[in-house]
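To start, the structure itself, in structure tokens.
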Amino acid sequence: MFVFLAAHSASRRHRISNDSNAQKMDAMIQKGLSMRGHNTYTQSSKRTQVFSEPGYSDCSSFCWKMYEKFFGIYVGSWTGEQITKGKRVVKGSGGKVTSSQMSQFKKGDLLFYGVSQVKHVEMYIGNGQQLGHGSGMGPKLVNTLSYSHSGGFREARRYVDIGGGSSGGSSSSFTKKGTAKCTGNSVNIRSSAWGSVIGTAYKGDVVEYDGQKDGEFYHIRFNGVVGYMSEKYLDFGGSSSSSSSSFTVKGTCTCTGDDVNIRDGPNGNILTSVNKGTQLQYDGKTNGNWVHIKYGSIIGYIYKQYVAY
């Protein structure tokens, strides 16, 4: 019994530690995203002034100071030292990162470039993206699979355990239905509708949604963070962004099926989905077998087979 309780207690402490690290990781990544284009690149002594006004950094000092600030750990002050710390999780062979290699990454892994001699480092932030400061104003957000460095991809190393799955720990229960643009500055991503803040999105950022909704909040995913964002700050594009004044309500109708798509046009992009019994508004306009409707702030089309008046 004692052995069982001790093991249970150790397991619980490990989960709590992982949860804490995951929260710190999300905070670190959001801070990095908020700093895009803020710092001047330098390899002088000013490179340690990562969080100053004005700010300065290079590729390795950005990673060094981020881990120091959010985790209180020392990952090394330059690439030659950083590549000797942590643990290697993926070995590269030059060229670009492959999909199979990226599938093993987690948020916060440092990606090193330069097979013959390490020359550059970037931070993987999940959702197929990485942050780094190679030249000019930075840090810069780039697509991991598209990123190219003359030295080729060498390896990925991990410095903290955040638990969860790979590729940034994105939720396996999240099934992307479409994308929307954030229309506000510093918009909160919450753990639930009106829940605690777990991330931030900025004007122009593209978020994914899965069609689930709680009141005014859409279930979204952004840079590996799965949470909720108010519909007030989401632009779904197409018909969904039309002004409500252009939609004249003629009456209400009811969805008769489950997981029925609302699209931005007949056979167009999916804006969201609704289930049986959901009340919709219509304006009398149709396009072939498609009915022009409004659901919340979304204006789009639904297949007439799934509508009852």
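Normalised by the number of residues in the chain, what is the relative contact order in percent for Cα pairs under 8 Å and 6+ residues apart? Display every interim value, and only then the final one.
Numbers: 680 pairs, mean separation 39.3, N = 309.
Relative contact order of the chain: 13 percent.
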For Thr278, other-chain or 5+-apart residues with amide H closer than 5 Å (H placed, Pro excluded) are Cys255
The chain, Gaussian network, Cα under 10 Å: of Ser230, Ser116, Ser192, the residue fluctuating most is Ser116
The simple spin-label model distance between Ser20 and Leu141, using points 7 Å out along Cα→Cβ, in nm, is 2.9
Residue span Gln43 to Lys285: 0.36 nm per residue of separation minus Cα-Cα distance leaves a gain in nm of 80.9 nm
Quick numbers on the chain, Rg and Dmax over C-alpha atoms in Å, give 23.0, 71
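Filter Lys65/Lys85; Lys213/Lys276; Lys250/Lys304; Lys213/Lys285 down to the pairs with a C-alpha to C-alpha distance above 18 Å, please. Walk me through the numbers before you get to the answer.
Working: Lys65/Lys85 15 Å; Lys213/Lys276 15 Å; Lys250/Lys304 16 Å; Lys213/Lys285 26 Å.
Correct reply: Lys213/Lys285.
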Distance in nm between Ser192 and Ser246 label points, each 7 Å along Cα→Cβ, equals 3.7
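None of the figures in this text is laboratory data; all of them are computed from the coordinates on show. Predicted, not measured: the structure shown is a model, and the values here were computed from it. Note: ideal-geometry Cβ built from the backbone for every residue, glycine included; neighbour counts use all protein chains shown.
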